[in-house]
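Comments concern the structure below.
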Amino acid sequence: MIKSITDTPLFYKLFIRPNWFVNRYVKSVLEEHFNFAGKEVLDFGCGVGSSSFMFRPDRYIGVDCDAKRIGYAQKTFQKYRFIGIDNNKLPLQTNSVDYVLILSVIHHICDKDFEIYLNEFQRVLKTDGVILAIEPCLYPEHKIGNFIMNTLDKGAYIRDEGAYLNLFHQQNYATKTLKRYSQNGLYHKLFFTAKPTNYVKT
């Protein structure tokens, strides 16, 4: 019974990703480095739409493979657009978004499956587009934090910094680490960007 409650979209919205949490650990971190005014944003793995309020409705689209969460997001944030992912294909036109936002999603996806999405990201990004990723990260000096993440988090693929970045490097992306920080003193997060190398200006 407890498991079914914690798996509901409402529980996630109220206790896992409430607005105050998003403002403190996501919005403030992103806005240290990026201005989203006039930019088209794809929220990959948007879940229940917890991060949508940070952006203008006409500049945002959330996608997720969980139809139940997509349905909840659309009912909760009716001015925003949410679409399900079908056969690992993103429901967007080529060269249509400025930013692909990935918030604590990669650690739920194995390397092989994520490679498919990396190809899709390159397709939908504009020529100067950027991927912005924030993920729980394992660090040798934070053994207690690593243990807590591996114990409490449902993600089966929490990686260290090198492993996250290597995922992108193997698919011809250039990466840049922007911030390493602690979340609630329990999770250690990594914030990095990625751009297809054929788009990077030299």
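The values are calculated or read from the model by the stated rules, or taken from the named source; none is laboratory data. Small disclaimer: the values here were computed from a predicted structure and weren't measured. Methodologically, a virtual Cβ is constructed for each residue, glycine included, from the backbone with ideal geometry; neighbour enumeration extends over all protein chains shown.
Among the residues of segment 46-85, the ones that are touching a residue at least 40 places away in the same chain (Cβ under 8 Å) and either of a type in the set (Asp, Glu) or in contact with a strand residue (DSSP E or B) (Cβ under 8 Å, 6 or more places away or on another chain) (or both) come to 2 in all.
Can you confirm whether segment 52-69 contains a residue that is in a helix (DSSP H, G or I) and of a type in the set (Phe, Trp, Tyr)? Full working, then the answer.
We begin by selecting, within segment 52-69, every residue in a helix (DSSP H, G or I); these are 52-54, 57-59, 67-69.
Restricting the remaining residues to those that are of a type in the set (Phe, Trp, Tyr) gives 53.
Yes: segment 52-69 contains one or more residues that are in a helix (DSSP H, G or I) and of a type in the set (Phe, Trp, Tyr).
Take Tyr117 and decide whether it is at negative phi, in a helix (DSSP H, G or I) and of a type in the set (Ser, Thr, Tyr). Criteria met by Tyr117.
Scanning segment 22-51 for residues that are within 13 Å of Ile102 (Cα to Cα) and assigned to a loop (DSSP other than H, G, I, E, B) yields Gly45, Cys46, Gly47, Gly49, Ser50, Ser51. Selection of segment 151-174 for residues being under 24 Å from Val22 (Cβ atoms), of a type outside the set (A, V, I, L, M, F, W, C) and in contact (Cβ under 8 Å) with a residue 12 or more places away in the chain yields Asp153, Lys154, Gly155, Tyr157, Arg159, Glu161, Tyr164. When the residues of segment 127-147 are filtered to those that are over 30 Å from Lys39 (Cα atoms) and surrounded by 17 or more Cβ atoms within 10 Å (Cβ to Cβ), the one that is modelled with the highest pLDDT is Leu138. Within segment 70-108, the residues that satisfy the criterion of being in a helix (DSSP H, G or I) and hydroxyl-bearing (Ser, Thr, Tyr) are Tyr72, Thr76.
Taking Tyr60 as the residue in question, decide whether it is at pLDDT below 95 and either of a type in the set (Phe, Trp, Tyr) or surrounded by fewer than 16 Cβ atoms within 10 Å (Cβ to Cβ) (or both).
No.
In segment 96-111, the residues that are farther than 18 Å from Leu125 by Cα form Cβ pairs under 9 Å with partners that are part of a strand (DSSP E or B) and among the β-branched types (Val, Ile, Thr), at six or more places apart or across chains, as follows: Ser104/Ile134. In this structure, Leu118 qualifies as closer than 24 Å to Cys65 by Cβ and either modelled with pLDDT under 95 or not basic (Lys, Arg) (or both).
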